[in-house]
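What follows is one structure encoded as structure tokens, with my remarks underneath.
The values are calculated or read from the model by the stated rules, or taken from the named source; none is laboratory data. Bear in mind that the values here come from a model prediction, so they are computed numbers and not experimental data. In this analysis, Cβ positions are derived from the backbone assuming ideal geometry, glycine residues included, and neighbour counts consider all displayed protein chains. We work out accessible area using only protein heavy atoms, side chains counted, and drop any ligands, DNA or RNA first. Shrake-Rupley method; radii C 1.70, N 1.55, O 1.52, S 1.80 Å.
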Amino acid sequence: MELRQLEYFVAVAEEQNFTRAAERVHISQSGVSAQIRRLERELGAELFDRSARTVTLTVAGKAALEHARAALAAAGAVGQAVGEVTDLIRGHLTVGMVIGCSLTPLFDALAAFHQAHPGVEISLLEDGSDRLIEGVRTGTVDLALIGAATATPDGLDALTIISERLVGAVPAGHPLAKQRRVTLRDLIAYPIVCMPPGTGLRTVFDQACAAQSLQPTISLQASAADAIAGLAARGLAVAVLTDSMAASHRDRLTVRTIDDVDTPAVLALIWKNTHSPGMRELLVHSRQAFTKPDPSTSPRTHGPTPDIRATDP
């Protein structure tokens, strides 16, 4: 029995499909099938019911699954333990990033980490904040940059990057541009362009509307701040953003803080498990990248770098 056979077995069990499992472990489907057959012959029992379109575990397969996972975890722990005492960090880390993000400090952190620890394979995936939070909770994602409402998710460690109130943004000729104060009720009198559901900003906006029993017309949705600003600048709808998201568009948009929405939209790095030495090192590089002072500000007002402009705080 080989560890790779157990890895393929777990992959097929979780994917319930030989093709997807083969893609996951980066070998051919025939290779996965052959190794599973060898494992079954060695164990003297079929592990999968292949009679239906979806591959399911047999009784023997169900009995073997948790032991296979434990064996793989133990093998990984051996490598981590050796790495800690030899300063040789290896393994794999999955980093999540909210869709449409343009935060260069995250890329700087990944680059610095890769240079220091080239033996660690890094996977970067984009998804909605809700799915990334769930991924960190279940362990399929090690570190994620997400948007949230008010505070970071319960039960997870976090580093808050941005915490800002919502703003409305309109072109110069728009009636709201003439008002000094803009309330949520003022804003929703017009069609809205906003982030999609599942993003931190949209959660703050939806909760604020619900608290006042208001029903906005979300006529347009986009995952990128530039797209939302561009649509608003053309008069198609009123943009709902945060101040930093709207900052680079003030030449074509008038920006007003939504006066009666106090709940901030939060952008944060979140994680759950720091048992891996690689994960601990990645956190060190992430903290360094996100806490670098902005050279354009005075020494007393150091803040995030100008590139910290998220599409989903």
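Listed values, structure above:
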| read-out | value |
| --- | --- |
| Selection from region 132-172 of residues that are modelled with pLDDT of 90 or more, outside any strand (DSSP E or B) and farther than 22 Å from His92 by Cβ | Arg165, Pro171, Ala172 |
| Subset of region 32-42 that is in contact with a helix residue (DSSP H, G or I) (Cβ under 7 Å, 6 or more places away or on another chain) and open to solvent by less than 90 Å² (accessible area, probe 1.4 Å) - its residue that is nearest to Phe9 (Cα to Cα) | Ile36 |
| Number of positions in region 48-63 that are out of contact with any strand residue (DSSP E or B) (no Cβ under 7 Å at 6 or more places or on another chain) and modelled with pLDDT of 90 or more | 4 |
| Matching residues in region 244-265 - criterion: being farther than 20 Å from Tyr190 by Cβ and out of contact with any helix residue (DSSP H, G or I) (no Cβ under 6 Å at 6 or more places or on another chain) | Ser244, Ala247, Ser248, Asp251, Asp262, Pro264 |
| Where Ile228 falls short, out of the listed (1) assigned to a loop (DSSP other than H, G, I, E, B); (2) under 23 Å from the mean Cα position of the chain (by Cα); (3) hydrophobic (A, V, I, L, M, F, W, C) | (1) |
| Filter result (at pLDDT 95 or above and buried (at least 18 other Cβ atoms within 10 Å of the Cβ)) within region 212-227 | Pro216, Ile218 |
| In region 173-209, residue nearest to Ala268 (Cα to Cα) [restricted to those that are open to solvent by 70 Å² or more (accessible area, probe 1.4 Å) and part of a helix (DSSP H, G or I)] | Gln207 |
| Residue tally, condition at pLDDT 50 or above and among the β-branched types (Val, Ile, Thr), over region 260-313 | 7 |
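Residue by residue, here is whether (1) within 25 Å of Ala74 (Cα to Cα); (2) within 10 Å of the chain's Cα centre (by Cα) holds:
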{"position": "Leu110", "(1), (2)": "no, no"}
{"position": "Val120", "(1), (2)": "yes, no"}
{"position": "Gly128", "(1), (2)": "no, yes"}
{"position": "Gly147", "(1), (2)": "no, yes"}
